[in-house]
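Read through the structure below, which is laid out as structure tokens, and then see the notes.
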Amino acid sequence: MAVRAGLVVRAVRVLGTTAVVLGPAAVQTLFRAAVRGREAALEYFCARVTVLLTKLGPTFVKAGQVLGTRRDVVPVALCDALSVLQDSVAPLDEAETARALTEAYGSEADEVFAELDPRPVASGSVASVYRARLRTGQDVAVKLRRPGIERVMTDDLTLIRRGAAIVARLPVFRNVPVREVVGSLADAVLGQLDFEREADSLRRLRKNLSEVPRVWVPKVYPEACRPRCIVMEFIPGLVLDAADGCGAAARRRFAASGMAAMYQMLFVDGFVHCDMHPGNLYFTRGSQVVVLDAGFSVQLSDRLRRLFAEFFLNMAIGRGEQAAKIVLESAAGISENADVQGFTERMADLVERSHGLPAKEFSLIAFAAEMFDLQRRFGIHAATELIFPLLSLLVIEGTIRALDPDLDFQEAARPQLMRGLFGTGRGAAR
């Protein structure tokens, strides 16, 4: 009964905050639409939605970040607004760190760690990261889950699911897979609380990406890990702008290794890190690419891995109609009023136009944006398992372009595409 009462109290707070933020925003939106036009009004309202999510707390921020990747079903203006959402949670103080350490290890902490600096080196809505030394002598990074975060996120996601069930009944959303989108969103957020799964994901990525030159995934120390804590090797000197001071040759190596790692995950292994933004992707002065934080990872089925690779191959060689057929074959659903022929023709045209562009002018982001727009307009709903890996590829594009503007993304994919389609793609097998 206490949980029910707590959920009711949280629901009242969420509804109250929503009314306070979006009530005045709705009035302002109507005013701006009359004065500045519909586009300006929509941009303003979407910005206010991001303010609301920030006020509602870390669960809603993370849910917004994931929802912002669903450009196949969510309006572009809202996706653009959600893409700037950032965790703004204060790091744990020493008392909270001590509590989190006790929750994770009980009385065993002193038996595991020779020392642990209580000042976080990094912090997010789910966890804080500390530098420590194991009793066995290794310098390690300790990712420690925030106390009480499970209950907060579980309650919030329960409210989000129930809200989605109501929204799904509205006529305007009849052909939108609201429950499926929100279900995958909730699974992605909750998955970031599962530290045992994340530790396993890091081990898998370390093994898989060991085949890619100059890529470093930190080693996990399973004997020191707990369900609420991940212990991995500490990688010193990680700074976001490390590549800025390197020469052109080193920057090109960074770009090549970063893309090779992405393509290895997508086309060969089918196990994909879906959050490759700066902060999870670093470059060292020793010319290595460091991949961190595997809390948001997706395993593609072998069928979807192959379809993804076949789509990319057909896109690269300009076979537009075949690429369109693959999109349709991999779709999670097709609306009753979908115009399949219209989609096929427009998708084929997009592929053929993109194939004719010089490498420097081709943009994965622009290509995907137009493809998602076509899917929305023609009623084609993409498989969630493909959306998240694709968005990870788009996230990394900006970083890679900054390192090497001349990189040919389609040509760079060739080695992994050939292995994934005609060699031994490992797929889901383990």
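Read-outs throughout are calculated quantities, based only on the coordinates presented, and are distinct from any laboratory measurement. Since the model is a prediction, treat every value here as computed from it, not as a measurement. Backbone-built Cβ (ideal geometry, glycine too); neighbour counts: all protein chains shown.
In table form, for the structure just shown:
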read-out	value
Filtered GluC sites (Glu not before Pro), the range 337-370: DSSP coil and at most 14 other beta carbons within 10 Å	361
The chain - charge dipole about Cα centre, Lys and Arg +1 at Cβ, Asp and Glu -1, debye rounded to 20	540 debye
Cβ-based net charge around residue 402, under 13 Å, with every Lys or Arg adding one and every Asp or Glu removing one	-2
155, 269 arranged by Cβ crowding within 10 Å, fewest neighbours leading	155, 269
Gyration tensor (alpha-carbon) shape descriptor, the range 235-360, a/c threshold 1.5	prolate
Spatially near lysine pairs across the chain, Cα under 27 Å, sequence gap of 8 or more or different chains	6
FRET efficiency for residue 197 and residue 36, using Cβ-Cβ distance with R0 set to 41 Å, rounded to 0.05	0.30
Global geometry of the range 22-64, whether rounded, prolate or oblate, following the gyration tensor of its Cα atoms and the 1.5 cut on a/c	prolate
Rounded if a/c under 1.5, otherwise prolate or oblate - the range 1-113, Cα gyration tensor axes	prolate
Most mobile of 38, 226, 306 in a GNM of the chain (Cα contacts under 10 Å)	38
Full-stretch length increase - residue 136, residue 244 - with 0.36 nm per residue and alpha-carbon distance subtracted	35.3 nm
Qualifying trypsin sites (Lys or Arg not before Pro) for the range 105-191 [loop in DSSP, other Cβ within 10 Å: at most 15]	135, 169, 174
